[in-house]
Amino acid sequence: MSTAPALDAQSRAGLATATAAPSTPAPTAPAPTLVAVGHGSRDPRARATLSRLLDRVRELRPGLDVRLAHIELNAPLLDDALAAVAAEGRDAVLVPLLFAPGHHVTHDLPAAVAAAPALRARVAEPLGAHPLLVEALVGRLAEAGWTTRDGAARDTGVVLASAGSRDPRSGAETRRIAALLGERLGGVPVVPAYASATAPTVPEAVRALTARGRHRVAVASCFTAPGLFATRAAAHAPWIAADPLGAHPALARLVLHRYDRARTARTTTPARELAAI
């Protein structure tokens, strides 16, 4: 009677591996929570507007944990929102609902992360000069009455109204937004103006355009939500004034774009280092 040759140790190990039950894949870690950070406002419409914006973000990215936080004035405040995320053991990406670098972006947000040592978090870039932002600005101008004919007219101009900051990087970014908007509108002059901290103001920008023969001046609202600054800027419009960007679909896509860039970046400056700037 023949006898099957004995298996060596290596063969026995291979047989055991082949006949073992298939291993269960390791669970995939959840995506970091997107914490969208607004400034905060006493205007009751502001929080509701940002909530609608984030509803659009959730529609675009089902299953993503998206939360709203505020730097001041409205609940939930940023510190409380981050504490809640940390208590759940999640990571976070903070997306500032602001348009340019300034004290809030370079100091307040990193400082809030530094105050939550149990939280692993990154701070995304501000919304900034991007084609999606320009798409939202143009969309709101069109809703206010701007047409393609206005883009070709020699007597039209646009004031890009924003909050303003003493940080020179903020002014540079706002000028880039204005340049992109002017290109998108067909070469119409777009002058940035500010509600606080720096010049020119909206009335000063309107006068500067009028002196150049641009007597039909529209005000584009570079604000995410209604508030004191947006209301004042619109009141100075000699012709049409666009609404704040709010829940415009392009702005929702831009929020996700900033989130994705921060989440997937190979190297970023740690938030605790940014807090020292």
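Determine which single condition Leu109 fails, assuming it passes every other condition in (1) farther than 25 Å from Ser170 by Cα; (2) surrounded by 23 or more Cβ atoms within 10 Å (Cβ to Cβ); (3) modelled with pLDDT under 95.
Condition (1) is where Leu109 drops out.
Specify the residue that is farthest from the chain's Cα centre (by Cα); the eligible residues are those in segment 216-233 that are surrounded by fewer than 21 Cβ atoms within 10 Å (Cβ to Cβ) and touching a residue at least 40 places away in the same chain (Cβ under 8 Å).
Across segment 216-233, the extreme among qualifying residues is Arg216.
Just one of Gly151, Gly164 is of a type in the set (Gly, Ala, Ser), modelled with pLDDT under 95, open to solvent by less than 40 Å² (accessible area, probe 1.4 Å) and on the phi > 0 side of the Ramachandran plot; which is it?
Only one candidate passes the filter, namely Gly164.
Filtering segment 185-215 down to residues that are among the aliphatic types (A, V, I, L, M) and more than 25 Å from the chain's Cα centre (by Cα), which residue is nearest to Val134 (Cα to Cα)?
Val188
Can you give me the number of residues within segment 132-167 that are touching a Gly at 6+ places or on another chain (Cβ under 6 Å) and charged (D, E, K, R)?
1
Identify all residues within segment 87-106 that are surrounded by fewer than 18 Cβ atoms within 10 Å (Cβ to Cβ) and either touching a Leu at 6+ places or on another chain (Cβ under 7 Å) or assigned to a helix (DSSP H, G or I) (or both); write none if there are none.
The answer is Ala87, His103.
Run down Val188, Val138 and say which single residue is of a type in the set (A, V, I, L, M), open to solvent by less than 20 Å² (accessible area, probe 1.4 Å) and either outside any helix (DSSP H, G or I) or within 21 Å of Leu251 (Cβ to Cβ) (or both).
Going through Val188, Val138 in turn, just one is of a type in the set (A, V, I, L, M), open to solvent by less than 20 Å² (accessible area, probe 1.4 Å) and either outside any helix (DSSP H, G or I) or within 21 Å of Leu251 (Cβ to Cβ) (or both): Val188.
Which of the following residues is open to solvent by 70 Å² or more (accessible area, probe 1.4 Å), of a type in the set (Asp, Glu) and out of contact with any helix residue (DSSP H, G or I) (no Cβ under 6 Å at 6 or more places or on another chain): Glu143, Glu125?
Glu143
Does any residue of segment 265-276 turn out to be over 23 Å from the mean Cα position of the chain (by Cα) and either open to solvent by 20 Å² or more (accessible area, probe 1.4 Å) or modelled with pLDDT of 95 or more (or both)?
no
Please specify each residue of segment 167-178 satisfying the condition of being within 19 Å of the chain's Cα centre (by Cα) and either surrounded by fewer than 22 Cβ atoms within 10 Å (Cβ to Cβ) or modelled with pLDDT of 95 or more (or both).
Across segment 167-178, the qualifying residues are Asp167, Arg169, Gly171, Ala172, Glu173, Thr174, Arg175, Arg176, Ile177, Ala178.
The values are calculated or read from the model by the stated rules, or taken from the named source; none is laboratory data. Values in this document were obtained by computation on a predicted structure and should not be read as measured data. Cβ coordinates were reconstructed from backbone atoms using ideal geometry, including for glycine residues, and neighbour counts include every protein chain displayed. Quick note on the areas: whole protein, heavy atoms, side chains included, nothing else; ligands and nucleic acids left out. Shrake-Rupley method; radii C 1.70, N 1.55, O 1.52, S 1.80 Å.
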